[in-house]
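Have a look at the structure below, then the notes.
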Amino acid sequence: MSHENVIATVPAASSGNGTPKKSKNRNGRKGGGGGLTVNRRHTQPGVNPLDTIEWERRTASITGEKGEVIFEQKDVEVPKFWSQLATNVVVSKYFRGHIGTPERETSVRQLISRVADTIAAWGREQGYFATEADADAFHDELVYALVHQKASFNSPVWFNVGTDTGGAKPQASACFINSVEDNMDSILRLAAIEAKLFKGGSGTGTNFSTIRSSKEPLSGGGTASGPVSFMKGFDAFAGVIKSGG
């Protein structure tokens, strides 16, 4: 890969014998050379990428099969080059807050800034960047990629990152893999774990191979319910939990 195509690099510091040595940043994390250096490809220092494009006001609306309005938010600000489909999906699914309240997001500017500002701030706090200029470059390049639809995060990031008001760490992973043991306590505990993951906007998968089949006997008499019966219960429970809170 040529240097022109590299956006972020971690320079390795020499130990004196020609081999890279590990250094520690201010957070104590080991790294080679003190943090990421970020090369600008689409942005300029001191220029917000959101100020370099045209914006317009639209109505985001989603209708059902019979034409009934399922969702509508008027006067939302979106990039002029975004499709109406992109507008409808982003506004209905990812804008934070209840419609009609001051907390409700009304612009894609707010959405992208909420996420990009928070991630860049975490990087600064945890010593990921070599310099403040590299942190700024990372932030601006990320904003550019998001607003120009060159890249996008999974749903939990849009749901949760930057919404913290009480110090809780946001759930930002899209999928979790869980395990379960062949006893009732473990099975019910899994139901509670999955419910919390669904509430945060994530999905989950579980290895049910430990659960006895419906043809195997129980120690107290009778036969086991089998993994499929519990799967049906988990599916039903998941169906009543709204993704993203």
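The values are calculated or read from the model by the stated rules, or taken from the named source; none is laboratory data. Keep in mind that this is a model prediction, so the values were computed, not measured. Virtual Cβ from ideal backbone geometry, glycine too; neighbours counted across all protein chains shown.
Some points to look at:
- Test: residue in the range 124-147 that is in a loop (DSSP other than H, G, I, E, B) and among the aromatic types (Phe, Trp, Tyr): yes
- The range 195-245, residues that are hydrophobic (A, V, I, L, M, F, W, C) and either loosely packed, with under 13 Cβ neighbours inside 10 Å or in a loop (DSSP other than H, G, I, E, B) (or both): 208, 211, 218, 224, 228, 236, 240, 241
- Of all residues making up the range 148-194, the number that are more than 20 Å from residue 109 (Cβ to Cβ), part of a loop (DSSP other than H, G, I, E, B) and among the β-branched types (Val, Ile, Thr): 2
- Checked against the criteria, residue 241 counts as of a type in the set (Val, Ile, Thr), closer than 30 Å to residue 89 by Cα and in contact (Cβ under 8 Å) with a residue 12 or more places away in the chain.
- Only one of 137, 116, 130 that is touching a Pro at 6+ places or on another chain (Cβ under 9 Å), buried (at least 19 other Cβ atoms within 10 Å of the Cβ), within 22 Å of residue 53 (Cα to Cα) and touching a residue at least 24 places away in the same chain (Cβ under 8 Å): 137
- Filtered residues of the range 78-90 (kept if in a strand (DSSP E or B) and either touching a residue at least 60 places away in the same chain (Cβ under 8 Å) or loosely packed, with under 15 Cβ neighbours inside 10 Å (or both)): 79
- Matching option when the condition is surrounded by 12 or more Cβ atoms within 10 Å (Cβ to Cβ) and at pLDDT below 90, among 191, 172, 145: 172
- Restricted to the range 38-71, and to residues there that are basic (Lys, Arg) and outside the structural domain of residue 86 (by TED's automatic domain parsing), the residue that is surrounded by the most Cβ atoms within 10 Å (Cβ to Cβ) is 40.
- Verdict on residue 131 being assigned by TED's automatic domain parsing to the domain that holds residue 39 and more than 30 Å from residue 74 (Cα to Cα): yes
- Filter result for residue 43 (in contact with an Asp or Glu (Cβ under 6 Å, 6 or more places away or on another chain), modelled with pLDDT of 95 or more and either over 24 Å from residue 143 (Cα atoms) or in a loop (DSSP other than H, G, I, E, B) (or both)): yes
- Cβ-Cβ distances below 7 Å connect the following pairs, each with a first residue in the range 169-180 that is closer than 22 Å to residue 121 by Cβ, a second residue that is β-branched (Val, Ile, Thr), and a separation of six or more residues or different chains: 170/161; 170/163; 172/157; 172/161.
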